[in-house]
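I have placed the structure first, in the form of structure tokens, so that the comments after it can refer back to it.
Where a number appears in this text, it was derived from the coordinates with a stated rule and is not lab data. Fair warning: this is a prediction, and the values are worked out from it, not measured in the lab. Quick reminder, even Gly has a Cβ in these numbers, built from the backbone with ideal geometry, and neighbours come from all protein chains shown.
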Amino acid sequence: MSGDIALYAKSLPENHAAICATLRQEIDVALPKATSKIWHAMPVWFIGENQVVGYNATAKHVTLLFWSGQLFGKTALTPSGKFKVAQIQFTDPAEIDLKALRQWLKHARTKIWDYQRHFKTQIALRKKKKTEKE
């Protein structure tokens, strides 16, 4: 478990810290081979080079993000952004449905949209178009 992630939670109000502690514990159990770190100012877990799950605390709530969450089927997760991200927000630890969370984490291990390959392909295409114009 990353020390930086523990420090992240320590800086939060008690209620948010409790949400993050529950999420971190469940993520670490479900994804024991994932690596975790603070990425873009939030705790994120990676499988290989791809980010799969993370959370971000704001003044109002804690947002749990799954980078491939839109691939999980019908869930309580809300699509977010232009790729495959889906999220859910919590304002109280009691709102966390552990059964649903564990199911999402199971999907996070197996339904991984390859962001790294996508972005590498996009960069290669841009370079190709640039050289074709020259």
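What to note about this one:
- Theoretical FRET efficiency, 1/(1+(r/R0)^6), r = Cβ-Cβ of TRP39 and THR131, R0 35 Å, to 0.05: 0.65
- One chain, two ends: LEU71 and ASP4. Fully extended at 0.36 nm per residue, the span grows by 21.2 nm beyond their Cα-Cα distance.
- In a DSSP loop and with at most 11 other Cβ atoms within 10 Å, the trypsin sites (Lys or Arg not before Pro) in region 1-88 are LYS33, LYS60, LYS74, LYS82.
- Projected label distance in nm at LYS60 and ASP97, using a 7 Å step from Cα toward the beta-carbon: 2.2 nm
- Pairs from LYS10/LYS106; LYS10/LYS37; LYS74/LYS99; LYS82/LYS111 whose Cα-Cα separation, in the structure shown, is over 24 Å: LYS10/LYS106
- Sorting 104-110, 50-56 by their mean Cβ neighbour count within 10 Å, with the most densely packed peptide first, gives 50-56, 104-110.
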